[in-house]
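First up is the structure itself, then whatever we jot down about it.
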Amino acid sequence: PVKLKNNKLTWPLNMVTEMYSLPAYDGVDPNPLMAPFFILFYGIMMADMGYGLLMILASIIITKKSRPKGTSGQMFGLMFSCGISTFLMGALTGGFFGDVVSVIGGWFGRDWSIVPHLGTIHIGSIAIDLPLNLLEGNNPLYVLIAAICLGAIHLALGTGIGIYLKLKDGEWADALLNDLCWWVMIAGILVMVTGGTKIVLFVGIGMLVLGQLITGKGFGKITGIFGAVYNGATGYLGDLLSYSRLMALMLAGSVIASVFNQLGSLGNANGMTVGGTILFVLVFCIGHALNFALNLIGCFVHTLRLQFLEFFGKWYR
């Protein structure tokens, strides 16, 4: 029998772990390792202050009135944490039910914004203003790069846990030569691209070859090298690119919300009218209810995928 040890932050993640499978009794509890990434990834994908507030309020009201237990209680506890993350990410992107504040301001000839200018991030010659308007310029590209970097951190942690477990079991050759070698090669490529030495890359390649020679058997020592190169290169590339869904869902939710706001405001295109305002309220409520429901489920499913396939695939028992 397995019992997970939790605190208030990690307890709601029991629902996620149990959907996959409980860990081995002598394994590692995934909840503390998974919680910050799960909550952060969900918030990045949803990224809207209005939707975040709805999640927070719904979880508080339902928890206080119905006091759900077990899986239901965990679900609403997780919704509360993800709602906070969604609100914060929405503040960084300026999203409040899409761009509804800007649209309403346009009726009066004003340029309204719910989030003031938070500052500018300078990365070399690139200047990124916060809040980050996803519908302007290269901003989606910056989010994509940040998503890939977060994915690299997530995968590196998973690989590190896997190496630790293998070392604990005495599988030092597999851990250090077959798993660690890829991160040495990735580091070597980064060093080489930035104008540094090629030695780090060659060390990683040497670790890969040596690992197959030690762990392989017979002719498999040779074929194992080619198989390891192919599987490792395509596997890590596919895993890293999988994190692009963070940008994709963030952008999709923002665009859909903006489209509904624009459609609803057509009645007030030439000035605010009673009929145009009624039309806007109807389209706003229906459109954002659909977008919110779609993202509420979609972001959960895609966050699950990043944990179950990319993260757990590196170490989970």
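The values are calculated or read from the model by the stated rules, or taken from the named source; none is laboratory data. Model, not experiment: these values are computed from the prediction. Protein only, heavy atoms only, side chains kept; ligands, DNA and RNA dropped before computing areas. Shrake-Rupley method; radii C 1.70, N 1.55, O 1.52, S 1.80 Å.
Listed by chain and number, the aspartates and glutamates whose alpha-carbon sits under 20 Å from that of Lys3, ignoring those within fewer than 8 places in the same chain, are Glu18, Asp26, Asp29. What is the percent of Cα-Cα separations in segment 1-146 that go past 25 Å? Percentage above 25 Å: 43.
Distance distribution note for the chain: the fraction of Cα pairs above 37 angstrom is 31%. Pairs from the table (Lys168/Lys314; Lys166/Lys314; Lys8/Lys166; Lys198/Lys314; Lys8/Lys64; Lys8/Lys69) lying more than 20 angstrom apart at Cα are Lys8/Lys166; Lys198/Lys314. Of the complete DSSP H runs in the chain, those spanning 15 angstrom or more by Cα along the long axis with a mean Kyte-Doolittle score not below -1.0 are 31-46, 49-66, 70-93, 139-168, 180-193, 199-215, 220-242, 245-264, 274-305.
Ranked from the most accessible area to the least, with a 1.4 Å probe and all protein chains present, what is the order of Glu310, Glu171?
On the way: Glu310 5, Glu171 85 Å².
I get Glu171, Glu310, largest accessible area first.
Per-residue surface analysis assigns Cys149 an accessible area of about 80 Å², computed on protein heavy atoms at 1.4 Å probe radius. Ligands, DNA and RNA excluded, the heavy atoms of Ile60 present near 70 Å² of accessible surface to a 1.4 Å solvent probe.
Its Cα gyration tensor gives segment 274-316 an equivalent ellipsoid, and the semi-axes of that ellipsoid, as √(5λ) in whole Å with the largest first, are 40, 5, 4. Excluding ligands, DNA and RNA, the accessible surface per residue across the chain is 53 Å² with a 1.4 Å probe.
Any idea what log10 I(q)/I(0) is at q = 0.11, 0.23 Å⁻¹ for segment 77-172, Debye with uniform C-alpha scatterers and no solvent? Results for segment 77-172 at q = 0.11, 0.23 Å⁻¹ read -0.53, -1.22. Rolling a 1.4 Å probe over the protein chains gives Tyr164 an accessible area of about 120 Å².
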